[in-house]
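This report concerns only the one structure given below.
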Amino acid sequence: MVTDEAQAQSALHRYFGYDSFRQGQAGVVSAIMNGRDSLSVMPTGAGKSVCYQIPSVLLPGLTVVISPLLSLMRDQVDALDDVGISAAFLNSTQTVDEQREVLAKACNHAYHLLYVAPERLAEPFFVATLRRLQISVVAVDEAHCISQWGQDFRPAYLDIGTFIAALPHRPTVAAFTATATAKVQEDIVRILHLHDPQLTVTDCDRPNLFLDVRRMAKSEKEAWILRYVSEHADESGIIYCATRKETDAVADALQAHGVNAACYHAGLSHEERRESQRAFVNDDVQVVVATNAFGMGIDKSNVRYVIHHNMPESIEAYYQEAGRAGRDGEDSRCTLLWNESDIVLRRRFLESGGLNDHMTPEEGQQVQQTRNRLLQSMIGYCRTVNCLHRYILHYFGQSIDKFNEQSVQAQSAHSCGHCSNCMSTITSDDVTTMALAIGRCVSAINQRYGMSMVVRILRGSQSRQILQSGLNAVPQFGALRECSEAAVRDVLNQMTVDDLLAVTPGRMPIVIFGSKAASLASSDFHYEIKHRERRKAAGNSHSPRAASLRDEQDEIDDNPMDEELFQCLRGVRKRIASEMGKPPYIVFSDRSLRDMVRLRPMDKESMMQVNGVGEHKWQSYGQQFIDAIAEYAKR
């Protein structure tokens, strides 16, 4: 008798060309196959979709996938079609006739999977049609959107539980998200009415990502980005900016220097955004400059770098956006550029948000407080001199001892070897006097003013507001007049990260004492700010480690002939994709092409050993790649 596990393993190889499941996938597939509800928290690129796609071809009936990502639906359906799995989508980009045709085919059992937007669940005709179908699984993608505590709350997600309850036979419900705090996880389980769900939280560490944090003035960011993009002209990258204005400015600067860059933000028309996305996923442009409106709908696996022009609002947001890099497992780089003005900007954004129609004023205040804490953790990531990978693991409550042996031996037992902090020399400045002056000033003004006012008092500002308020009489007035404003803000912000001070949320943020403020009164109080001094990196520019995660990748990098064959295969992939009207990564990932370069397959048997080559892909165009490899060998 063939077990569910054996069936799933066979389907994985047949359709996707993989020999084994990734971490966490097998358990989730097993739960769905056995009819148990589940909640899976897996990082971007961990293969969440495979967890419900494999059961969809093994179970009777239809798998309904609820996703907010309209732009991703078509790509996912194309990718499934490419491996021989029948799927369709329903969303607002289709005409009424097209939607009716999809529903009619669904009623005739033409599909394994049907992708729908959550807003569709409010339409009586749609719900009535689905009630007539045999639905075996409802998969809820981006499930954190159901929680008002999450960063991407979507009110339409609140209707999912009602929709499931209205079905004549309750299907298995599987919820997926890349990031979710304990509170958000509780909301997902409660609002979706999950029955005794299996909770799967996989290791969120992405060892193929080199994490890089660089503090630099706003005037320096553009030049740094231009230099980096120019040095990696043949690679795909995403540059995130905080505002539309900055997005346009960075895109214009790149284009002015001959970089074929696309722009993406909510201020552009739907057609302009769709064209930017199409050009990027089809490799017609290598770089897209975007606000955070871009990325969730992108399944492009060969993004080699993600650059943040500004500091994001939370670790969750940052890691989800940075996680768009290296989804194929290849070494990639995530660089965050920041300065103190980014903190000011994020606090301003925080002041103007927080409430929505589904919250009471008390809940809105709680959400603002939560987001303020999230921002403080993001500031801490920017300012820490410790390992960046360990910082993120600790933030998500995971073990900090999960680095593989190769990563550890690259530096030491206390260093990951693949982040900018672990590749830097640490220096420190004694700022005890400044910290004490700041603490005494906050006390003297009774914790009633914001950060800018504290800085002005300490630097002895003669502004009208200072004089009219009598703040020039504060004992600490002018105590740090010899220090620059940036230096005082630097210490003040670090004190908030270390919980000596705190900043209240709301429209008028105030500096107050933090949970560790009592140490300021200690006679042996000592305070330092640590700085990073970069060492010259060894190895490739994405991941300067002594030991690569993939020996075969090193071999390719060292052999220009192999790199030439890789580029040749990329050309074949691009031609096939253009003929089929699909993104190149759907044909084969960069990882599959690298594997072809390493194995040099000359027949079906050897081609089927390539990572990502399943039966359907072999039949579709495997021979074309074998022919290209054979032709290259004749040169």
Within region 597-631, residues more than 23 Å from residue 78 (Cα to Cα) and either at pLDDT below 90 or aliphatic (A, V, I, L, M) (or both) come out as 597, 599, 602, 626, 628, 629, 630
Kindly indicate whether residue 106 is out of contact with any Pro (no Cβ under 7 Å at 6 or more places or on another chain), modelled with pLDDT under 90 and surrounded by 19 or more Cβ atoms within 10 Å (Cβ to Cβ). no
Hey, could you check region 74-126 for residues that are out of contact with any helix residue (DSSP H, G or I) (no Cβ under 8 Å at 6 or more places or on another chain) and among the small types (Gly, Ala, Ser) and say which is nearest to residue 140 (Cα to Cα)? 110
In region 61-94, what count of residues is obtained for those that are more than 18 Å from residue 118 (Cβ to Cβ) and in a loop (DSSP other than H, G, I, E, B)? 5
Which ones in region 1-36 are aromatic (Phe, Trp, Tyr) and part of a loop (DSSP other than H, G, I, E, B)? 18, 21
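Could we say that residue 179 is of a type in the set (Val, Ile, Thr), in contact (Cβ under 8 Å) with a residue 12 or more places away in the chain, under 17 Å from residue 42 (Cα atoms) and surrounded by fewer than 20 Cβ atoms within 10 Å (Cβ to Cβ) here?
No, not satisfied.
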Starting from region 609-635, take each residue that is loosely packed, with under 12 Cβ neighbours inside 10 Å and list its partners that are modelled with pLDDT of 90 or more and not in a helix (DSSP H, G or I), counting only C-beta distances under 9 angstrom and pairs at least six apart or across chains. 619/84; 633/600; 633/602
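Results for (1) within 30 Å of the chain's Cα centre (by Cα); (2) at pLDDT 90 or above, shown as yes or no for each residue.
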site: 492; (1), (2): yes, yes
site: 496; (1), (2): yes, yes
site: 500; (1), (2): no, yes
site: 506; (1), (2): yes, no
site: 511; (1), (2): no, yes
site: 525; (1), (2): no, yes
site: 534; (1), (2): yes, no
From the list 226, 158, 199, which residue is modelled with pLDDT of 95 or more and either in a helix (DSSP H, G or I) or farther than 18 Å from residue 48 by Cβ (or both)? 226
I need every pair where a residue in region 17-32 that is among the basic types (Lys, Arg) has its Cβ under 8 Å from the Cβ of a residue that is in a loop (DSSP other than H, G, I, E, B) and buried (at least 22 other Cβ atoms within 10 Å of the Cβ), sequence separation at least 6 or different chains. 22/46
What pairs come up if the first residue lies in region 376-400 and is without any contact (Cβ under 8 Å) to a residue 40 or more places away in the chain, the second is of a type in the set (Lys, Arg), and their beta carbons are under 6 Å apart, counting only those six or more places apart or on different chains? 400/390
Restricted to region 204-220 and to residues being of a type in the set (A, V, I, L, M, F, W, C) and crowded, with 21+ Cβ neighbours inside 10 Å, the residue nearest to residue 303 (Cα to Cα) is 209
Before we move on, is residue 33 in contact with a Leu (Cβ under 9 Å, 6 or more places away or on another chain), hydrophobic (A, V, I, L, M, F, W, C) and surrounded by fewer than 24 Cβ atoms within 10 Å (Cβ to Cβ)? yes
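The values are calculated or read from the model by the stated rules, or taken from the named source; none is laboratory data. Note that the structure is predicted; figures quoted are calculated from it, not measured. Here Cβ is always computed from backbone atoms with ideal geometry, including for glycine, and neighbour counts include all displayed protein chains.
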